[in-house]
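Peer 1: Below is one structure. I have some questions about it.
The values are calculated or read from the model by the stated rules, or taken from the named source; none is laboratory data. Nothing here was measured: the structure is a model prediction, and the numbers come from that model. A quick note on method: Cβ atoms are made from the backbone with ideal geometry, for glycine too, and the neighbour counts reach across all protein chains shown. Protein only, heavy atoms only, side chains kept; ligands, DNA and RNA dropped before computing areas. Shrake-Rupley method; radii C 1.70, N 1.55, O 1.52, S 1.80 Å.
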Amino acid sequence: MFKEDNLNNIGSSINKILYAGIDLGSTTAKIAIVDQNQNLVFSRYTRHNTRVKETVTELLNDAKKHFGDITVSLKITGSAGMGMSESTGIPFVQEVIASATVVSKKYPEVKTLIDIGGEDSKMIFFHENKTPDIRMNGSCAGGTGAFIDQMASLLNVSLEEFNELAGNYKRIHPVASRCGVFAKTDVQNLLSRKVSREDIAASVFHAVAIQTINTLARGYDIKHKIIFAGGPFTFLSELLKTFIKDLKLSNENVQIAENPALLPSIGAAISQKDGLNEQFSKLINRIKNPINKIVAKNRLDPLFKDEQDLAEWNKKRISFKVPRIKIDEMSSNKCYLGIDSDSTTTKICAIDENKKLIFSYYANTKGNPIESAKKGLNELRLKLEHEKQQLEIVQTAVVGYGEDLIKSALNLDYGIVETIAHFNAAKYFDEKVSFVLDIGGQDMKAIFVENGLINRIELNESCSAGCGSFIETFGNSLGYTVQDFAKIACNASAPADLGTRCTVFMNSKVKQSLRENATTDDIAAGLSISVIKNALFKVLKLKNISETGDHIVVQGGAFRNPAIHRALEQMTDKKVICSDIPEQMGAYGAAIFALEKSLIENKQTLFKGLDKLESLTEYTTKEIQCKGCENYCNISKFTFSNKNKFFSGNKCEKYFFNKGNSVTKGENLFDFKYKLLFEREFSLKTEDRRPKTEVSQLPIIGIPRVLNIYENYPFWHTLFSSCGIKLELSDPSTVALYEKGLGSVMSDSICFPAKNVHGHINNLIEKKIDRIFFPM
Ligand code: SF4
């Protein structure tokens with residue numbers, strides 16, 4: 001593979017032995033063995049599923065079977081390799097250095113390496129006679145292999161099938177790649193709009209490419225040739241094609257690596273100046289019996305002192321039991337219906353005139369809010385049939401993500417804002433409520449109350465790390481149900497301090513803690529504490545815990561988990577009020593709203609009744625494209641049998657309303673202002689006074705159509721055209737124009753309009769204007 005004269009560092013004493021490199025990534029383990037001419041003579045690639053020690057032993061045993069018990073010179077690399085190196089005394093080489101070594105030696109023409117791993121991604125820029133410039137992903141693992149894994153499991157397909165689907169796409173749709181949990185919502189939304197799985201898979205790959213280019217290049221020119229490395233590029237051909245397409249690369253700009261998934265392990269094998277020379281059997285023994293025991297670090301106080309403490313707390317935990325009533329015990333048959341249709345679950349509550357619960361329903365939405373709501377209401381119908389009872393549904397209300405859709409489909413009376421529903425329910429439990437924390441599967445809201453009125457509302461926007469699915473995903477990945485995971489968390493003696501971080505990154509921290517001898521109980525408790533820390537300090541960004549006041553009410557499915565409930569009490573040092581149906585609070589609050597409205601307005605309900613569900617929820621869908629602006633949104637139009645219409649996929653309400661049509665057509669002031677600002681003729685006043693030849697030699701000045709130019713363009717236009725200088729504006733913003741400039745964005749944390757500037761400057765360069773004028 002490599003010429004012998006490249007092996008400057010290898011002494012004659014080890015000339016006969018083989019050189020091995022083990023790369024322990026966050027999800028996979030690789031071994032590469034090269035001979036003295038740096039030819040690859042043995043390799044293996046496997047997932048370790050957190051069984052790091054066992055997997056490395058298996059890899060070395062495989063090599064031993066292949067070569068016999070010979071002496072090799074070994075080095076370890078990879079994000080999970082440092083701990084093993086410390087415990088076994090096998091030398092470590094940083095994986096970026098290892099990859100860079102291979103590229104410098106084997107592919108000298110390469111200027112950029114793009115490497116995507118299980119939970120990390122990196123770009124290395126190579127310069128002649130200079131140390132390579134290295135960029136790695138920071139606080140978000142959005143565009144990595146684990147992210148793609150999550151998206152494939154959402155479509156219920158293997159990675160191979162996901163890759164195949166992406167190869168047959170027709171259209172790319174926007175998918176958030178900054179956060180795995182948000183991307184989940186985008187994908188679920190696309191699924192419910194019946195967007196093809198082919199389009200979804202390709203859109204996920206496009207999102208990964210844009211995220212990687214955007215966050216890692218940070219202003220650097222991605223120079224050619226480019227080499228792609230890491231498992232996802234090796235096994236997902238369509239991902240590689242997407243990068244090649246998005247970076248507009250031709251074949252000669254791409255260097256195909258012989259073993260892209262093995263680059264760091266080969267790098268560790270060939271950088272063997274100070275590798276450990278030992279027989280395979282001795283190396284295996286080292287792995288099995290580490291010389292340095294890793295001591296437990298970063299531990300927190302337990303959630304409960306002992307079993308008795310837990311038992312006593314459990315007795316008082318549910319501070320409010322929602323009153324229930326049997327249908328045959330009701331004084332009248334009047335009933336009020338509340339539906340909460342959120343991104344992942346559907347909840348329904350039916351209450352009587354005294355707010356007593358008659359019926360409740362909770363189920364996964366499975367990407368189809370209408371079907372899910374229908375199923376829940378059908379359960380109520382069957383219950384009535386079974387009990388030979390009848391109810392008069394007086395008023396109905398719906399909250400949540402699917403509010404407009406469900407309201408149109410079922411002809412409900414009110415669609416209300418979630419916070420109002422949650423506040424209604426919280427007030428019912430504690431009149432003096434000062435803080436409501438609602439943690440659902442993927443969203444979270446905090447309501448700050450002062451003197452009985454909502455003072456401030458905070459929602460999670462760009463991160464879902466403190467939400468319920470965060471802990472569910474981890475519990476499941478460690479082989480526990482949510483309930484069992486909660487149970488073991490309460491028994492933990494020394495919860496691991498996992499800090500506050502992105503869902504995908506938390507994986508690495510969990511693995512590190514497991515290597516540091518934390519038990520699964522400690523991990524479960526540590527994760528529960530992290531959910532609360534993430535919620536309060538990372539997502540809601542509380543500066544001071546006293547902002548919550550003394551009357552805290554919690555809601556949302558996450559608080560079914562006693563460990564999360566207890567963690568909030570410990571952190572705030574306050575009694576936290578939780579009902580016995582925390583996940584139903586949105587639906588219960590909506591039912592209370594319907595009841596209160598009926599008392600005030602006494603209107604006839606629009607709801608046609610439980611026996612009309614089948615015909616009510618029949619609908620047809622049509623895909624249309626809005627040409628209202630350069631976003632060209634793909635719209636799904638739902639037409640229901642009740643003649644109601646619902647639009648989804650529109651980024652604005654310019655043409656598509658779900659809240660009823662306005663009677664009088666208004667003026668589009670945005671359009672009016674836009675034309676007033678930019679539709680300007682070049683003034684010839686000054687040009688008239690000068691010789692034609694002089695004017696034609698003046699440079700054309702380009703101005704990007706961004707930021708303060710939306711205010712000041714008339715001034716600059718007047719100034720330049722009065723001087724006889726022609727101006728050229730960049731084209732109006734489009735997604736394609738924005739994405740073209742992403743490679744030169746210096747930091748991912750700058751705002752969208754600032755990132756957009758890069759696309760506009762790029763556009764002016766393409767227009768070949770003489771100068772760019774961009775007053776800041
Ligand atoms: S829905 Fe709004 S944002 Fe989307 S294309 Fe139409 S006008 Fe533009």
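Peer 1: Here's a check for you: in the stretch 577-586, which residue that is touching a helix residue (DSSP H, G or I) at 6+ places or on another chain (Cβ under 8 Å) and part of a helix (DSSP H, G or I) is most open to solvent (accessible area, probe 1.4 Å)? Steps first, answer last, please.
Peer 2: Initially, the stretch 577-586 is screened for residues touching a helix residue (DSSP H, G or I) at 6+ places or on another chain (Cβ under 8 Å), giving 577-579, 581-583, 585-586.
This time we only want the ones that are part of a helix (DSSP H, G or I), so: 582-583, 585-586.
Numbers: PRO582: 3, GLU583: 29, MET585: 1, GLY586: 1 Å².
Checked the stretch 577-586; the qualifying residue most open to solvent (accessible area, probe 1.4 Å) is GLU583.
Peer 1: For the stretch 184-218, which positions are out of contact with any strand residue (DSSP E or B) (no Cβ under 9 Å at 6 or more places or on another chain) and of a type in the set (Val, Ile, Thr)? Talk me through it step by step, then tell me what you get.
Peer 2: So in the stretch 184-218, the residues out of contact with any strand residue (DSSP E or B) (no Cβ under 9 Å at 6 or more places or on another chain) come out as 184-188, 190-191, 196-207, 209-210, 214.
Of everything in the stretch 184-218, those that are out of contact with any strand residue (DSSP E or B) (no Cβ under 9 Å at 6 or more places or on another chain) and of a type in the set (Val, Ile, Thr) turn out to be THR185, VAL187, ILE200, VAL204, ILE210.
Peer 1: Going by what's in this entry, would ALA146 be described as in a loop (DSSP other than H, G, I, E, B), at pLDDT below 80 and open to solvent by less than 30 Å² (accessible area, probe 1.4 Å)? So that I can check it myself, show each step before the final result.
Peer 2: Numbers: in a loop (DSSP other than H, G, I, E, B): no; at pLDDT below 80: yes; open to solvent by less than 30 Å² (accessible area, probe 1.4 Å): yes.
No; evaluated as a whole, the condition is false for this residue.
Peer 1: What do you reckon, is ASN602 within 16 Å of the ligand (Cβ to nearest atom), polar (S, T, N, Q) and surrounded by fewer than 20 Cβ atoms within 10 Å (Cβ to Cβ)?
Peer 2: On the way: within 16 Å of the ligand (Cβ to nearest atom): no; polar (S, T, N, Q): yes; surrounded by fewer than 20 Cβ atoms within 10 Å (Cβ to Cβ): yes.
Criteria not met by ASN602.
Peer 1: Applying the selection to the stretch 523-576, what residues are buried (at least 24 other Cβ atoms within 10 Å of the Cβ), among the hydroxyl-bearing types (Ser, Thr, Tyr) and closer than 26 Å to TYR588 by Cβ?
Peer 2: Across the stretch 523-576, the qualifying residue is only SER528.
Peer 1: I've got another one for you. Would you pick out the residues in the stretch 425-437 that are touching a His at 6+ places or on another chain (Cβ under 7 Å) and either modelled with pLDDT under 90 or surrounded by fewer than 17 Cβ atoms within 10 Å (Cβ to Cβ) (or both)?
Peer 2: The answer is ASP430, LYS432.
Peer 1: Let me ask you something else. Looking only at the stretch 698-708, which residues are aliphatic (A, V, I, L, M), open to solvent by less than 60 Å² (accessible area, probe 1.4 Å) and in contact with a strand residue (DSSP E or B) (Cβ under 6 Å, 6 or more places away or on another chain)?
Peer 2: Of the residues in the stretch 698-708, the ones aliphatic (A, V, I, L, M) are 698, 700-701, 703, 706-707.
Now narrow it down to the ones that are open to solvent by less than 60 Å² (accessible area, probe 1.4 Å): 698, 701, 703, 706.
Scanning the stretch 698-708 gives ILE701, ILE703.
Peer 1: When only residues in the stretch 404-422 that are open to solvent by less than 30 Å² (accessible area, probe 1.4 Å) and in contact with a Gly (Cβ under 7 Å, 6 or more places away or on another chain) count, which is farthest from CYS335 (Cα to Cα)?
Peer 2: By that ranking, first place goes to HIS422.
Peer 1: Count, please, the residues in the stretch 444-475 that happen to be at pLDDT below 75 and of a type outside the set (Val, Ile, Thr).
Peer 2: 12
Peer 1: Condition (residue is in a loop (DSSP other than H, G, I, E, B), over 16 Å from SER265 (Cα atoms), touching a helix residue (DSSP H, G or I) at 6+ places or on another chain (Cβ under 9 Å) and in contact (Cβ under 8 Å) with a residue 12 or more places away in the chain) applied to the stretch 70-86: is it met by at least one residue? First the steps, then the outcome.
Peer 2: Filtering the stretch 70-86 for residues in a loop (DSSP other than H, G, I, E, B) gives 70, 78-80.
Imposing the further condition that a residue be over 16 Å from SER265 (Cα atoms) reduces the set to 70.
From the residues that got through so far, the ones that are touching a helix residue (DSSP H, G or I) at 6+ places or on another chain (Cβ under 9 Å) too are 70.
Okay, now just the ones that are also in contact (Cβ under 8 Å) with a residue 12 or more places away in the chain, so 70.
Yes, there is a match, as at least one residue in the stretch 70-86 is in a loop (DSSP other than H, G, I, E, B), over 16 Å from SER265 (Cα atoms), touching a helix residue (DSSP H, G or I) at 6+ places or on another chain (Cβ under 9 Å) and in contact (Cβ under 8 Å) with a residue 12 or more places away in the chain.
Peer 1: Part of a strand (DSSP E or B) and within 12 Å of the ligand (Cβ to nearest atom): which single residue out of PHE638, PHE647 fits that description? If you could, list the steps in order and put the result at the bottom.
Peer 2: Working: PHE638 fails: within 12 Å of the ligand (Cβ to nearest atom).
So the residue among PHE638, PHE647 that is part of a strand (DSSP E or B) and within 12 Å of the ligand (Cβ to nearest atom) is PHE647.
Peer 1: Confirm whether ASN631 is farther than 25 Å from TYR362 by Cα, open to solvent by less than 70 Å² (accessible area, probe 1.4 Å), outside any helix (DSSP H, G or I) and within 15 Å of the ligand (Cβ to nearest atom). Explain how you work it out, then say what you get.
Peer 2: Values: farther than 25 Å from TYR362 by Cα: yes; open to solvent by less than 70 Å² (accessible area, probe 1.4 Å): yes; outside any helix (DSSP H, G or I): yes; within 15 Å of the ligand (Cβ to nearest atom): yes.
Here the answer is yes, as ASN631 does meet what is asked.
Peer 1: Is one or more of the residues making up the stretch 659-667 open to solvent by 100 Å² or more (accessible area, probe 1.4 Å), at pLDDT 85 or above and among the aliphatic types (A, V, I, L, M)?
Peer 2: no
Peer 1: Let me ask something else about it. Need pairs with beta-carbon distance below 6 Å; first residue under 29 Å from ASP731 (Cα atoms) and within the stretch 626-648, second in a strand (DSSP E or B) and away from the ligand (no atom under 14 Å from the Cβ); sequence gap 6+ or separate chains.
Peer 2: Once the first residue is under 29 Å from ASP731 (Cα atoms) and sits in the stretch 626-648, its partners that are in a strand (DSSP E or B) and away from the ligand (no atom under 14 Å from the Cβ) give SER636/THR621.
Peer 1: Turning to a different aspect of this structure: Scanning for something away from the ligand (no atom under 12 Å from the Cβ), surrounded by 12 or more Cβ atoms within 10 Å (Cβ to Cβ) and under 28 Å from the mean Cα position of the chain (by Cα), does the stretch 611-626 turn up at least one residue?
Peer 2: yes
Peer 1: Of the numbered conditions (1) within 12 Å of the ligand (Cβ to nearest atom); (2) touching a Lys or Arg at 6+ places or on another chain (Cβ under 7 Å); (3) open to solvent by 30 Å² or more (accessible area, probe 1.4 Å), CYS652 satisfies every one except a single condition; which is it?
Peer 2: (2)
Peer 1: Would you be able to say whether some residue in the stretch 331-338 is buried (at least 16 other Cβ atoms within 10 Å of the Cβ), within 25 Å of HIS551 (Cα to Cα) and in contact (Cβ under 8 Å) with a residue 40 or more places away in the chain?
Peer 2: No, the conditions are met nowhere in the stretch 331-338.
Peer 1: All but one of (1) open to solvent by 10 Å² or more (accessible area, probe 1.4 Å); (2) more than 24 Å from the chain's Cα centre (by Cα) hold for THR112, so report the exception by its number.
Peer 2: For THR112, the failing item is (1).
Peer 1: Among the numbered conditions (1) of a type in the set (Val, Ile, Thr); (2) under 20 Å from ILE124 (Cα atoms); (3) buried (at least 18 other Cβ atoms within 10 Å of the Cβ), tell me where VAL204 comes up short.
Peer 2: Looking at each condition in turn, VAL204 falls short on (2).
Peer 1: Examine the stretch 731-751 for a residue that is of a type in the set (Lys, Arg), in contact with a Leu (Cβ under 9 Å, 6 or more places away or on another chain) and surrounded by 15 or more Cβ atoms within 10 Å (Cβ to Cβ), and state whether such a residue exists.
Peer 2: As a first pass, look at the stretch 731-751 and keep what is of a type in the set (Lys, Arg): 740.
Still in the running and in contact with a Leu (Cβ under 9 Å, 6 or more places away or on another chain): none.
No; the residues of the stretch 731-751 include none that is of a type in the set (Lys, Arg), in contact with a Leu (Cβ under 9 Å, 6 or more places away or on another chain) and surrounded by 15 or more Cβ atoms within 10 Å (Cβ to Cβ).
Peer 1: Look at the stretch 605-628 and say how many of its residues are within 28 Å of LYS334 (Cα to Cα), of a type in the set (Val, Ile, Thr) and either at pLDDT 85 or above or assigned to a strand (DSSP E or B) (or both).
Peer 2: Going residue by residue through the stretch 605-628, those that are within 28 Å of LYS334 (Cα to Cα) are 605-618.
Those still in the list that are of a type in the set (Val, Ile, Thr) too: 605, 617.
Then drop every residue that is not either at pLDDT 85 or above or assigned to a strand (DSSP E or B) (or both), which leaves 605.
Number of matching residues: 1.
Peer 1: Looking at the stretch 191-217, which of its residues are at pLDDT below 80, over 18 Å from THR242 (Cα atoms) and in contact with a helix residue (DSSP H, G or I) (Cβ under 9 Å, 6 or more places away or on another chain)?
Peer 2: Those that are at pLDDT below 80, over 18 Å from THR242 (Cα atoms) and in contact with a helix residue (DSSP H, G or I) (Cβ under 9 Å, 6 or more places away or on another chain): LEU191, SER192.
Peer 1: While we're on this one: Suppose the filter is farther than 18 Å from PHE280 by Cβ, in contact with a His (Cβ under 8 Å, 6 or more places away or on another chain) and at pLDDT 90 or above; does THR77 pass it? Step through it out loud before you land on a result.
Peer 2: Numbers: farther than 18 Å from PHE280 by Cβ: yes; in contact with a His (Cβ under 8 Å, 6 or more places away or on another chain): no; at pLDDT 90 or above: yes.
For THR77, the condition - farther than 18 Å from PHE280 by Cβ, in contact with a His (Cβ under 8 Å, 6 or more places away or on another chain) and at pLDDT 90 or above - is not met.
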